[in-house]
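K.L.:
One structure coming up, written as structure tokens, with questions to follow.
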Amino acid sequence: MNSEPVAFVVTSAALFGSPGPGIAALIVAGRTLGSRGALPFFLAMQAGLAVAAALSGTGLAAVIGTVPGLRFTLMLASAGYLLWLAWSIATSPPSGSLGADERGRGFTLAGGFTLGAANPKAYLAFVSLFGSFAIVDPAYGWRDSVLKGVVCIAVTAVVDVAWVLVGVALGRIQLTATTERAMNMSMGGAILLALGITLI
């Protein structure tokens, strides 16, 4: 029995489910907006991750990395958005005093897509997975890459839903205004920490 597919799925879940900037943002989205409110941001992020998977699987990510300034620009776009999101979360007042529009500040479709498509952690994971496993016979060439891409996107969707639900569960906990402000600051700090670890 070929154990490569099982190992690939397990490794994918470990890599994509481990804490990083995207996970931190999804937890905060779930906590702040609830499952339904976080759905557009989640879907946009999955679309961005699909782009990252396609670029990695076809080798275009490596080509892009050789274009002077382009890789840096993509990382800067992702980091800039995360910095802004972390600041917005850390400085937001208690949710009870916010309207629906204010609670959704920062969790935009463009932001979710950018986070998925330009997240350095995602590219590291995709390149590592695509290069380390063969789900089908390598003789099938592109079919192996396509299958690995599909499995990766399915795994990321499942683990990301799980993290959104963690955020939703946290959002149901009744907190005092002071405690909620402290949690907002810690969540913003968590995004910054995850970003720092990813960029090191």
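The values are calculated or read from the model by the stated rules, or taken from the named source; none is laboratory data. This is a predicted model, so every value here is computed, not measured. Cβ atoms come from the backbone with ideal geometry, glycine included; neighbour counts cover every protein chain shown.
K.L.:
Being assigned to a loop (DSSP other than H, G, I, E, B), at pLDDT 80 or above and either of a type in the set (Phe, Trp, Tyr) or under 19 Å from Gly20 (Cβ atoms) (or both) is the filter here, so list the residues in the range 80-111 that pass it.
P.N.:
Listed by number, the list holds a single entry, Phe107.
K.L.:
Would you call Gly20 touching a helix residue (DSSP H, G or I) at 6+ places or on another chain (Cβ under 9 Å) and modelled with pLDDT under 85?
P.N.:
yes
K.L.:
Related question: With the requirement that a residue be among the β-branched types (Val, Ile, Thr) and in a loop (DSSP other than H, G, I, E, B), what does the range 112-130 give you?
P.N.:
none
K.L.:
Pick from Ala14, Ala61, Ala52, Ala77: which is in contact with a helix residue (DSSP H, G or I) (Cβ under 7 Å, 6 or more places away or on another chain) and at pLDDT 80 or above? Quick ask: steps written out before the conclusion?
P.N.:
Details: Ala14 fails: in contact with a helix residue (DSSP H, G or I) (Cβ under 7 Å, 6 or more places away or on another chain); Ala61 fails: at pLDDT 80 or above; Ala77 fails: at pLDDT 80 or above.
The match here is Ala52.
K.L.:
Applying the selection to the range 1-43, what residues are surrounded by fewer than 16 Cβ atoms within 10 Å (Cβ to Cβ) and either basic (Lys, Arg) or closer than 16 Å to Ile191 by Cα (or both)?
P.N.:
The answer is Ser18, Pro19, Arg36.
K.L.:
Can you pull out every residue in the range 131-177 that is part of a helix (DSSP H, G or I), at pLDDT below 80 and surrounded by 17 or more Cβ atoms within 10 Å (Cβ to Cβ)?
P.N.:
Passing the criteria: Asp144, Ser145.
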